[in-house]
Amino acid sequence: MKDKLKMQVTSHYRILRSPARGGGKSQARKKLIRNFLIHFGIILFSIVCIYPLLRIFSVSIRPGDRVISTDLSIIPDSAALLSYARLLKETHFLRWLWNSLIITMTTSFIGVSLASTAAYAFSRFKFPGKKFALLLLLSTQMIPAGMLILPLFLMIMKLGLINTYLGMIIAYSVSSLPFSIWILKGYYDTIPRSLEEAALVDGTSMIGAFYRIILPLSTPALSIAFLFNFTMAWNEYLVARVVLFSSKQYTWTLGLFELQGQFITQWGMFAAGSMLVTIPVLLVFLYSSKWLISGLTLGSVKG
Amino acid sequence: MANVKFINVTKRYGELVILDGINMEIKDREFVVIVGPSGCGKTTLLRMLAGLEEISEGGIYIDNKFVNQVHPSKREIAMVFQDYALYPHMTVAENMSFALRLKKMPQKEVKHRVSEAAGTLQLQKLLDRMPRQLSGGQRQRVAIGRAIVRKPKVFLFDEPLSNLDAKLREEMRVEIAKLHQRLTSTVIYVTHDQVEAMTLAGRIMVLNRGIVQQIGTPIEIYRKPVNLFVAGFIGSPTMNFINGKIEINGEDVYFKASGTAPQGPEQGASGGTAALRPQVSEAMPTTSSSVGRNATRPQVSPACAEASAGREAMPTTSFRIQIPSFLLPDAGAHKNKEIVLGIRPDDVRVGKFSDKNRDVIETVLEVSELLGHRENLYLKAQDIKILAIVEAFFNQSPGSAVPVSFNHENMHLFDKGNGSRISV
């Protein structure tokens with residue numbers, strides 16, 4: 001009796017399963033093809049992104065006579081760190097790195113500080129010309145950077161800040177501020193106003209509510225603004241070219257360009273320098289990633 | 001604890017008047033509920049009291065101190081927001097102690113107050129959790145806890161239960177009532193839910209379109225609404241409103257019905273109709289046969305039967321109700337004037353008339369709604385709609401004839417022109 005029942009159940013199960021199994025096979029095949037195409041695309045783009053980096057790394061560790069080679073191996077025979085050593089010894093590379101670091105970090109901190117407060121005002125207060133000012137900020141981002149070189153140069157020259165850190169910091173800060181303000185304003189708009197009102201009733205001032213409540217909740221947007229400011233200032237070349245004259249004041253972008261001579265380019269040292277300048281950026285990205293958390297305001301108000 | 005005074009408080013946004021000359025004195029330790037429909041200005045009034053909104057005109061006094069220009073933190077108030085407004089990056093304990101830490105209160109005192117409030121609100125086990133790890137009810141309790149640790153002079157509640165489900169709302173309502181009894185503090189509570197207003201308030205302020213309609217105890221407002229708006233807004237289900245005229249025949253005063261007045265607070269505010277308040281009446285289920293046996297009661301007219309079958313073009317034949325002299329002493333002044341009679345659904349008596357003088361109105365049952373212990377009957381007397389509440393189970397099918405009468409003592413008469421109450 002028990003066996004009979006088991007057989008019935010099994011056959012019934014097969015009947016139920018059989019049409020689904022056919023459909024399941026074709027679905028699984030489709031899924032397989034889709035996955036293959038997606039992975040193929042991802043791998044292809046990864047290669048396109050990573051290959052130049054590997055190639056630069058490869059060039060940076062090649063001996064001087066084998067820099068231009070058709071050899072595809074990443075780590076060539078007789079690989080050495082000679083280019084790195086020469087770069088550090090024979091040029092002002094560390095000085096250039098230091099200059100870049102000071103200008104970039106200061107620009108980023110000033111940019112984020114100014115943008116965070118300016119964006120708060122745009123997000124929370126009503127004042128005459130608010131819309132126009134926002135549009136004006138946005139419009140500055142639509143002007144090609146090259147067009148601003150001459151006015152920036154003239155402005156910095158009149159301020160007597162040519163060939164100084166401050167000149168560079170001012171130039172970089174003003175060009176990155178509008179974008180940072182827009183990013184932060186957009187984020188503040190999503191934070192419920194009742195949080196600040198609760199803080200006001202609890203005993204803070206408006207500024208206190210901003211520092212104690214709004215800023216801690218805005219770390220993702222602040223990180224994005226900081227990273228934007230950092231990468232923009234770190235990689236900038238054009239403004240640096242017109243503002244800085246002496247080799248000792250150069251940022252790394254100008255410094256590396258100096259390695260390119262009229263008749264010969266030090267490709268090994270160039271590649272070694274390129275590898276070294278990625279390290280600070282990598283460190284900043286790794287540190288910032290912990291602040292890029294979503295859902296910070298969850299639970300504050302009824303969703 | 002403190003008293004609160006609103007003196008001619010007005011709020012304008014440009015030309016738009018949001019609140020128009022609000023005057024009220026709230027006594028120390030009083031529980032006042034401000035109630036009104038969405039957009040009536042009740043939250044704006046509360047925010048002005050909290051210092052979160054500027055005052056266009058007039059003055060607000062807390063503990064007899066003029067506070068118009070005083071910063072919210074200096075007003076010694078605590079506010080529970082509609083959306084909780086918990087600080088999401090702080091734990092429950094940090095949320096509750098935030099205001100105390102700002103005041104630089106000693107750590108020991110902060111801890112004591114937080115644990116005391118947590119004990120009252122059953123939050124002890126949740127103190128280390130973040131707001132996102134709490135349910136809606138728990139969040140609301142934390143928001144209340146954040147207010148009570150401060151021991152403020154005045155508590156402000158801005159629709160604190162509107163985001164909770166029905167069961168939780170009921171529980172929290174009881175909790176808030178208990179809390180008020182325990183803390184004996186001045187509470188100003190804003191809601192659009194008239195059940196919350198009726199159950200919690202010592203006094204109610206009814207607001208509409210920025211104007212105070214009535215201030216009084218819940219029972220005053222329920223029994224003696226000063227105008228059609230209040231009559232329609234307070235009470236659930238809504239009062240029945242019937243248009244008509246006053247007729248005088250010798251010593252007797254009659255209300256001659258001519259149609260159903262628009263229902264609901266908005267219509268009620270502008271129009272005039274008589275209103276009845278529904279209460280669970282001693283309903284005696286009447287079967288069709290029992291109606292038929294009662295020779296003194298009018299039978300269902302063909303017109304009524306047609307109406308119950310969903311057909312239109314029913315002739316308008318109105319009914320007449322005698323108005324007791326105590327209800328309208330100056331009846332002569334209202335003779336032939338358009339008025340509105342209001343009667344609450346629980347003052348509509350169905351199927352039991354021992355009083356011979358009672359006016360009986362023949363109606364037809366359109367729909368009945370069984371709500372467990374009671375039943376809503378949607379009736380129609382010619383073209384006049386009447387809602388009655390009876391005890392469950394009213395064993396009648398749609399289309400049945402249902403004779404009803406009104407509880408004369410609880411009838412309300414309003415001037416149709418300005419909506420104001422004319423009956424005593």
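Spin-label pair A:PHE132-B:ASP20: with each label point 7 Å from Cα along the Cα-Cβ axis, the two points sit 3.6 nm from one another.
Modelled label positions at A:ALA28 and A:VAL174, each set 7 Å beyond Cα in the direction of Cβ, lie 6.6 nm from each other.
Counting lysine pairs in the stretch B:16-119 that sit 8 or more residues apart in sequence, or on different chains, and whose Cα atoms lie under 15 Å apart gives 5. What percentage of all Cα-Cα pairs in the stretch B:4-223 are separated by more than 33 Å? For the stretch B:4-223, the share of Cα pairs beyond 33 Å comes to 15 percent. Panel order for B:TYR84, B:TYR222, by other beta carbons found within 10 Å of each beta carbon, from fewest to most: B:TYR222, B:TYR84. In this structure the amide hydrogen of B:ILE339, modeled in the peptide plane, comes within under 5 Å of the amide hydrogens of B:GLY244, B:LYS245, B:ILE246, B:LYS416, none closer than 5 places in sequence on its chain. Give the lysines reachable from A:LYS89 as a straight Cα distance under 18 Å; neighbours fewer than 8 places away on the same chain don't count. Qualifying lysines at Cα under 18 Å: A:LYS248. Projected over every direction and averaged, the convex hull enclosing the alpha-carbon atoms of chain A yields 29.9 nm². Expressed as a whole percent, the proportion of Cα-Cα pairs in the protein assembly as shown lying more than 48 Å apart is 49%.
Partners of B:LYS337 within straight-line reach, counting lysines whose Cα lies under 16 Å from its Cα and excluding those fewer than 8 residues away in the same chain: B:LYS245, B:LYS256, B:LYS416. As a proxy for reagent exposure, ranking B:VAL226, B:VAL33 by other Cβ atoms within 10 Å from fewest up yields B:VAL226, B:VAL33. Put in order of Cβ neighbour count within 10 Å, fewest first, the listed residues B:HIS112, B:HIS334 become B:HIS112, B:HIS334. With R₀ fixed at 56 Å, the C-beta to C-beta distance from B:SER135 to A:PHE257 puts the FRET efficiency at about 0.35.
Which far-off residues, 5 or more places away or on another chain, put their amide H under 5 Å from the one on B:MET79, with H placed in the peptide plane? Counting only residues 5 or more places away or on other chains, the set is B:LEU156. Straight-line cross-link reach from A:LYS130 at under 22 Å between alpha-carbon atoms covers these lysines, not counting any fewer than eight positions away in the same chain: A:LYS185.
Between B:GLY399 and B:LEU365, B:GLU366, the built amide H atoms are under 5 Å apart, and every one of these is 5 or more places off in sequence or on another chain. Both radii come from the Cα set of the stretch B:52-141: Rg as radius of gyration, Rh as Kirkwood radius; their ratio Rg/Rh reads 1.04. Please give, to one decimal in nm, the separation of the simple spin-label points placed at B:ASN418 and B:GLU251, each 7 Å out from Cα toward the Cβ. Label at B:ASN418, label at B:GLU251, 3.2 nm between them.
Each value in this text was obtained by applying a stated rule to the coordinates, not by laboratory testing. For clarity, every value in this text was computed on a predicted model and none was experimentally measured. Cβ: placed from backbone, ideal geometry, glycine included. Neighbour counts: every protein chain shown.
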